[in-house]
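This report refers to the structure that appears directly beneath it.
Every read-out reported here was derived from the displayed coordinates using simple, explicitly stated rules and does not represent laboratory data. Note that this is a predicted model, so its numbers are computed, not measured. Cβ sites come from the backbone with ideal geometry, for glycine too, and all protein chains shown count toward neighbours.
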Amino acid sequence: MSVQASPRLQPAQARAGSSRALPELPQHVAILSFEGPDRYASIGGLASRVTALARALGAAGHDVELFFIGDPAMRPTEEWAPGVMLHRWCGWLSAAHPRNAYDGEAEKIADCEQSLPVYLADFVVAPAAARGERVLIMAEEWQMANVAIALDDLLRARGLRAAATILWNANNTYGFDHIDWAALQRAAAITAVSRYMKFELSLHDVPALVIPNGIDERLLRGADPSLVTQFKTAFAGKPTLLKVGRFDADKNWLQAIDALADLRAAGTPARLIVRGGKEAYSETVFGRAHDRGLGVERMAYEGSDVRRVIAGLAEVEAPVIHLRPFVDEATLFALYAACDAVLANSRKEPFGLVGLEVMAAGGIAVCGSTGEEYAEPFVNALVCDTGDGRELATYLRTIYADPKLRDELRGAGARTAADHTWKRVLSTLERKVAYVELSLDRG
């Protein structure tokens, strides 16, 4: 791939009404990620993280460039939000791999390793050095580890290394076996999204700074009340649970199915709406439902019209409802608030961003007990310590029997969400970066 200059973001000082940038952070920030705001690149929590982080930094007055594997049908570069320029990378490869950002992953990683360091050195770091400034580069996940290493090598060769603070962030343990940890530690400061991930990194003798995730402040407005009412009307008073995520054993799908079966056996006619991906593990999940005597009905409609989604949910009678349509943010948040609980009960969750989003929407989150350090059992959430369906069923019976507890969980959850916005997290990022830069200055 040839590397060409892209349109530049207008400097913060020239943008009308721009906020003053955080003083301990470099003015210019580049974020490197496979996922991003496009539907093509919005696969999991990483997309939510980098999208909201970029928007928060831009709102704080920084000049942000977000590099990600974007939709090949959209413009390669776009000024997307105040202070934020999108760079949709690997477009020529994505055109041949139309499913999503991870389609053709190995080829895209190789292309990023070759092209991104050159672009960053030429058009991000060199201009900052010429201004006498330092730029902050934040590389996300294992796919960008070799990019960080190659960038470090290139900047040293060009005498530009002092003009860049490079962080590499671990959101998950996926791909850890592909990383040259010694080289990565020489190239970048290592960060993690939770103490749980810090522990996982320590198993590889890699020390890390913890910088938690946050949520977009606008999410604190909660779910659309009209949509919430429409969903509740569609539920017709039936106890309704929701689980959204990849069909993966780590998401504890079988615990959810077993808990539903136990609830129904004990006389609570609960239903479970599931929204997963196209992973083969779905056969295991629905097979377990069949073994437990739970009927599964797949919604016929697969479009994105929320009115038809609501109508479809009103018509389905099965205990397990397989929701197939694309669910946008407004619809998802309304579902979070309308359902009795949202089962984000993963057995291995590095941070648990969904739990915070459920709280912000006004819902009750059911979390696991790994990276969801914000979750307090029976205070702001339900928390499962095991993968046993009987544990989850016990806690769900508790909230069905206690309306006061349900209200208290929703209220405390909303307050917790307000304490975990990106605006607040940026102060942590600012101080951790100040420490990293002090360490660099001291050699």
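All other residues with a Cβ under 14 Å from the Cβ of residue 236 taken together, and with Lys, Arg as +1 and Asp, Glu as -1, what is their net charge?
Working: positive: 232, 238, 271; negative: 315, 317, 340.
Charge balance in the 14 Å sphere: 0.
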Legend entry - Efficiency of FRET from Cβ geometry, residue 328 and residue 419, R₀ 25 Å, rounded to 0.05: 0.45
Inset, instruction - Loop only per DSSP, at most 15 neighbouring Cβ atoms within 10 Å: give me the GluC sites (Glu not before Pro) in the stretch 133-197, ordered by residue number. - result: 133
Inset, instruction - Among 313, 435, 154, flag the residue with its Cα farthest along the positive direction of the charge dipole of the chain, charges on Cβ as +1 for Lys/Arg and -1 for Asp/Glu. - result: 313
Legend entry - Relative exposure of 336, 119, 435, 102, judged by other C-beta atoms within 10 Å (fewest first): 435, 102, 119, 336
Legend entry - Rg followed by Dmax, in Å, when the stretch 140-203 is reduced to its Cα trace: 12.0, 37
Inset, instruction - Note down the nm distance, to one decimal, between modelled labels 7 Å out along Cα→Cβ at residue 265 and at residue 73. - result: 4.7 nm
Inset, instruction - Kindly express, to the nearest 10 degrees and within the range 0 to 90, the angle between helix 45-59's C-alpha long axis and the longest C-alpha principal axis of the chain. - result: 50 degrees
Inset, instruction - Note the full-extension length gain between residue 102 and residue 218 as 0.36 nm times their separation in residues minus their Cα-Cα distance, in nm to one decimal. - result: 38.9 nm
Inset, instruction - Treating only the Cβ atoms of Lys and Arg (+1) and Asp and Glu (-1) as charged, compute the dipole magnitude of the stretch 218-418 about its Cα centre; round to the nearest 20 debye. - result: 380 debye
Legend entry - Estimated distance in nm for a label pair at residue 283 and residue 376, the labels positioned 7 Å out from Cα along Cα-to-Cβ: 4.6 nm
Legend entry - Cα gyration tensor shape of the stretch 218-418, rounded if a/c is under 1.5, else prolate or oblate by comparing a/b with b/c: rounded
Inset, instruction - Tell me what the chain gives for mean residue ellipticity at 222 nm when only DSSP H runs of n ≥ 4 count, each as -39,500 (n - 2.57), the sum divided by the residue total, rounded to 500 deg cm²/dmol. - result: -12500 deg cm²/dmol
Legend entry - Folded to 0 to 90 degrees: helix 253-265 orientation relative to the chain principal axis, Cα: 20 degrees
Legend entry - Proximal charge balance of residue 88 [Cβ under 11 Å; K/R count +1, D/E count -1]: -2
Inset, instruction - Compute the long axis of helix 389-401 from its Cα atoms, compare it with the longest principal axis of the Cα atoms of the chain, and write down the angle in degrees, 0 to 90, nearest 10. - result: 70 degrees
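Given +1 on the Cβ of Lys and Arg, -1 on the Cβ of Asp and Glu, and no further charges, what dipole in debye does the chain carry about its Cα centre, rounded to the nearest 20?
Values: 48 positive and 56 negative charges, 169 e Å.
Its charge dipole is roughly 820 debye.
Once the other residues with Cβ under 11 Å from the Cβ of residue 160 are scored (Lys, Arg +1; Asp, Glu -1), what is the net sum? Numbers along the way, then the final one.
On the way: positive: 134, 156, 158, 161; negative: 122, 152.
Local charge sum for residue 160: +2.
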Inset, instruction - Would you please state which residues of the stretch 68-104 a label at residue 248 would reach in this model, taking the label point 7 Å out along Cα→Cβ and a backbone N cut-off of under 20 Å? - result: 68-70, 99-104
Legend entry - 3J(HN,Hα) from dihedral phi, the stretch 203-215, Karplus parametrisation 6.51/-1.76/1.60, rounded to Hz, x for glycine, proline: 5, 9, 6, 10, x, 9, 8, 8, 10, x, 6, x, 10
Legend entry - Simple spin-label estimate for residue 95 and residue 182 in nanometres, 7 Å along Cα-Cβ: 4.2 nm
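Apply 1/(1 + (r/R0)^6) to the Cβ-Cβ distance of residue 126 and residue 438, taking R0 = 30 Å, and write down the FRET efficiency to the nearest 0.05. Let's see the in-between values first.
Numbers: r = 24 Å, r/R0 = 0.79.
Efficiency at R0 = 30 Å is approximately 0.80.
Mind checking the stretch 285-331 for GluC sites (Glu not before Pro) that DSSP puts in a loop (not H, G, I, E or B) and that have at most 11 other Cβ atoms within 10 Å? It would help to have the intermediate numbers written out before the result.
Working: sites: 297, 302, 315, 317, 329; in loops: 302, 317.
Passing sites in the stretch 285-331 are 317.
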Inset, instruction - Return 359, 138 ranked ascending by Cβ neighbour count within 10 Å, so the fewest neighbours appear first. - result: 138, 359
